[in-house]
Amino acid sequence: MPKDTFFNLPEKKRSRIVDSAFLEFSKVHYKQVTIDSIVNGAGIPKGSFYQYFTNKDDLYKYLFSQIGNEKKHVLEEMKKYKEQLNFREYLIKMLEESKKFESEDTKLMELKNKFINECPQEVRKDVLKNEIPKSYRLLEEVISGYVKKGELRKDLNIKTAAYMITSCVVSLEDYEFDKEENISEVIIRIIDILINGLK
């Protein structure tokens with residue numbers, strides 16, 4: 001994560017650094033992204049970079065942390081639908097909003113694709129370790145609400161249920177899709193199987 005000196009920078013300068021990193025990591029193979037290319041894009045001296053971040057891995061993890069926070073904010077806005085939707089509908093709506101968030105920005109889609117296919121295992125592991133808990137903590141709150149409403153069983157282990165749903169969705173990149181299957185159909189089937197176990 002960034003050093004305190006990064007957070008002491010003016011917001012415009014922080015944004016220039018983040019925007020430059022976002023562009024580089026979304027366009028270039030992870031191994032070919034350099035500190036030089038990032039600082040040139042941000043218009044800062046190379047020496048300054050090391051006052052803000054330990055290395056490019058550090059900046060990369062921060063980038064995903066910021067994206068994760070934005071996505072979490074979008075999904076938190078969905079709380080207004082809790083009274084109108086049943087649990088299954090709410091989960092599907094959450095996944096639709098999540099997909100919409102990612103698909104509205106082509107650079108974000110490219111970054112995600114490169115993360116899946118090019119990111120070194122250790123860095124990828126650290127990013128997921130930092131970001132996945134944001135999803136299942138948000139889901140814990142949602143599940144808790146539906147338990148209180150009586151839609152899900154009262155003895156449900158909410159933490160485990162949230163972790164299971166999140167893990168299934170995050171691991172979809174490993175799922176072997178049939179030719180006629182699309183990701184939305186598979187997600188809905190996973191949700192249906194999990195919900196039947198939650199009632």
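We did not get these values from a lab; they are worked out from the coordinates using the rules stated. Since we're looking at a predicted model, the values are computed, not measured. Don't worry about glycine lacking a Cβ; one is built from the backbone with ideal geometry, like all the others, and counts go over all protein chains shown.
Computed quantities for the displayed model
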{"quantity": "Spin-label model distance (nm) - Arg124 vs Asp57, 7 Å beyond Cα toward Cβ", "calculated": "1.5"}
{"quantity": "3J(HN,Hα) from dihedral phi, segment 139-144, Karplus parametrisation 6.51/-1.76/1.60, rounded to Hz, x for glycine, proline", "calculated": "5, 4, 5, 5, 4, 4"}
{"quantity": "Helix 183-198 vs. the chain, principal-axis angle (Cα, 0 to 90°, nearest 10)", "calculated": "50"}
{"quantity": "Whole-Hz ³J(HN,Hα) from phi, Karplus 6.51 cos²θ - 1.76 cosθ + 1.60, for segment 153-169, glycine and proline x", "calculated": "5, 5, 8, 5, 7, 4, 4, 5, 4, 5, 5, 4, 4, 4, 4, 4, 5"}
{"quantity": "Label-to-label distance, nm, for residues given as Asp155 and Ser167 (7 Å Cα→Cβ offset)", "calculated": "2.2"}
{"quantity": "Proxy reagent accessibility, fewest Cβ within 10 Å first, across Thr166, Thr106", "calculated": "Thr106, Thr166"}
{"quantity": "Karplus 3J(HN,Hα) series, Hz, for segment 41-55 with 6.51 cos²θ - 1.76 cosθ + 1.60 (x for Gly, Pro)", "calculated": "x, 8, x, 10, x, 4, x, 5, 3, 6, 7, 9, 9, 6, 6"}
{"quantity": "Distance between modelled label sites at Asn113 and Lys13, nm, 7 Å Cα→Cβ extension", "calculated": "3.5"}
{"quantity": "Cα-centre dipole for segment 4-198 with unit charges at Cβ (Lys and Arg positive, Asp and Glu negative), debye to 20", "calculated": "600"}
{"quantity": "Chymotrypsin sites (Phe, Trp or Tyr not before Pro) within segment 92-198: DSSP coil, no more than 16 neighbouring Cβ in 10 Å", "calculated": "Tyr175, Phe177"}
{"quantity": "Calculated Rg and Dmax of the Cα atoms in Å (choose from (1) 19.2, 58; (2) 17.6, 54; (3) 16.4, 51), label", "calculated": "(1)"}
{"quantity": "Nearest-ten-degree value, helix 56-76 long axis tilted from longest Cα axis of the chain", "calculated": "40"}
{"quantity": "Using alpha-carbon coordinates, inclination of helix 11-27 to the longest axis of the chain, degrees", "calculated": "80"}
